[in-house]
């Protein structure tokens, strides 16, 4: 993690456009346009939904607005109305600063990428990823940076359906370093008391897996508050909120956990 960056970012524009930019030409070359600050940028390959801002969320005032932006973004995603973003423009516009609204802890599962399912721009959210969306000291430190040093006002712990890590913990899988990681999910397995019959407490029981997935999210939130004094103080003084949820891989919706 870098607090200060003294290197000069590479200009992603081709030489002709860079020349027009440096010479202050009033007419942009084909395929480019001038931003209000005079910056020359590429035109988007696709029209952008004008009802949705495409820049970063620098103007967000607090945790409730931040959460609302995430909920709205997921709604767009599930309705197949995600913003047609000019990612190169977003990358260039955030080359020297960022104002993420949230830090989202998800599983490493390739189908559950926070930026996509919440339809956020480059620079919109911090993404922390680890199998089973658990926390350790390194992730807690990253969250502390996101909330206490940077601009995140929401911590979201996001599990997902059909989680292999949860299934592995339930079935007591053993595999190298993965064994120790799955051990951190087992408190959630043990906390779900129904069904009692061991025969039914396997990954083939979808209802049981669902309950363990939700419990794992809840216990991860507890671990954040128990093990980070920095985040606990920010939470208690109302600066941040901590939210849990489960991403449904079938339809993209988020089931929020109180």
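Structure data summary
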| read-out | value |
| --- | --- |
| Residues (touching a residue at least 60 places away in the same chain (Cβ under 8 Å) and over 19 Å from residue 152 (Cα atoms)) located in the range 72-90 | 77, 78, 88 |
| Test result for residue 240, at pLDDT 95 or above, more than 30 Å from residue 80 (Cβ to Cβ), surrounded by 14 or more Cβ atoms within 10 Å (Cβ to Cβ) and within 19 Å of the chain's Cα centre (by Cα) | yes |
| Failed item in (1) in contact with a strand residue (DSSP E or B) (Cβ under 8 Å, 6 or more places away or on another chain); (2) closer than 16 Å to residue 106 by Cα; (3) surrounded by 17 or more Cβ atoms within 10 Å (Cβ to Cβ), with residue 235 passing the rest | (2) |
| Residue satisfying condition, being under 19 Å from the mean Cα position of the chain (by Cα) and modelled with pLDDT of 95 or more, within set 224, 257, 185 | 224 |
| Members of the range 185-207 found to be more than 19 Å from residue 105 (Cα to Cα) and assigned to a loop (DSSP other than H, G, I, E, B), listed by number | 192, 193, 194, 195, 196, 197, 201, 202, 203, 204, 205 |
| Scan of the range 52-79 for residues that are at pLDDT below 95, over 10 Å from residue 121 (Cβ atoms) and buried (at least 19 other Cβ atoms within 10 Å of the Cβ), ordered by number | 60 |
| Any chance residue 134 is over 15 Å from residue 69 (Cβ atoms), surrounded by fewer than 16 Cβ atoms within 10 Å (Cβ to Cβ) and touching a helix residue (DSSP H, G or I) at 6+ places or on another chain (Cβ under 7 Å) | no |
| Count of residues meeting criterion [in contact with a strand residue (DSSP E or B) (Cβ under 7 Å, 6 or more places away or on another chain) and either under 21 Å from residue 138 (Cβ atoms) or surrounded by 17 or more Cβ atoms within 10 Å (Cβ to Cβ) (or both)] in the range 243-254 | 6 |
| Any hit, the range 208-227, residues being exposed (fewer than 14 other Cβ atoms within 10 Å of the Cβ), out of contact with any strand residue (DSSP E or B) (no Cβ under 9 Å at 6 or more places or on another chain), in a helix (DSSP H, G or I) and in contact (Cβ under 8 Å) with a residue 24 or more places away in the chain | yes |
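Each row is one residue, and each column tells you yes or no for (1) over 17 Å from the mean Cα position of the chain (by Cα); (2) surrounded by fewer than 23 Cβ atoms within 10 Å (Cβ to Cβ); (3) modelled with pLDDT of 95 or more.
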| site | (1), (2), (3) |
| --- | --- |
| 81 | yes, yes, yes |
| 105 | no, no, yes |
| 129 | no, yes, yes |
| 145 | no, yes, yes |
| 164 | yes, yes, yes |
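The values are calculated or read from the model by the stated rules, or taken from the named source; none is laboratory data. As the structure is a computational prediction, the values presented were derived from the model and not from experiment. Glycine gets a Cβ as well: all are built from the backbone with ideal geometry, and neighbour counts include every protein chain shown.
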